[in-house]
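Read the figures in this text as sums done on the coordinates, not as results from a lab. A quick note: this is a predicted structure, and the numbers were derived from the prediction, not measured. Positions of Cβ are generated from backbone atoms using ideal geometry, with glycine treated the same way; all protein chains shown enter the neighbour counts.
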Amino acid sequence: MGRILAIDYGTKRTGIAVTDELQLIASGLTTVETHNLMPFIAEYLEKELVDTIVIGQPTQKDGTPSDVEGNIQNFINGFQIKFPNMIIAREEERYTSNMAFQTMIDSGLKKKQRRNKALIDEIAATIILQNYMRYR
């Protein structure tokens, strides 16, 4: 059984989370600059067995796609060309950044640590992955 990798796609940075081999535990992996996302994932897939890529699906409050959705679709199209056999799933990601920030507060991180936007993105990816695992 392979891992599940989750992506919280952003225009500047992208948070990445991954499960263990048994797909039981979701953990933050890292945050990468979005222009380095495809090479990072390609290198990761060479080292680890991954069954599914879960990509956050951002929407507005009224349910319409957010502005970044076009960028995400471009990434997905390029990804499917490079990795045609990889399963791609989408998971609603509304408010995950807010939940990630609250998680940081609840964890007792100091104010300076909570300003780390890369950490927020990584935690948001973990929340996307946890939601996917919970409802699949």
Exercise for the section: Could you tell me whether any residue of region 35-45 is farther than 16 Å from PHE79 by Cα and touching a Lys or Arg at 6+ places or on another chain (Cβ under 8 Å)? Expected result: no
Completion exercise
Taking region 25-82 and the residues there that are small (Gly, Ala, Ser) and without any contact (Cβ under 8 Å) to a residue 24 or more places away in the chain, the one that is nearest to ILE123 (Cα to Cα) would be SER66
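Give THR14, THR19, THR30 a once-over and let me know the one that is among the hydroxyl-bearing types (Ser, Thr, Tyr) and within 14 Å of GLU93 (Cβ to Cβ).
Among THR14, THR19, THR30, only THR14 is among the hydroxyl-bearing types (Ser, Thr, Tyr) and within 14 Å of GLU93 (Cβ to Cβ).
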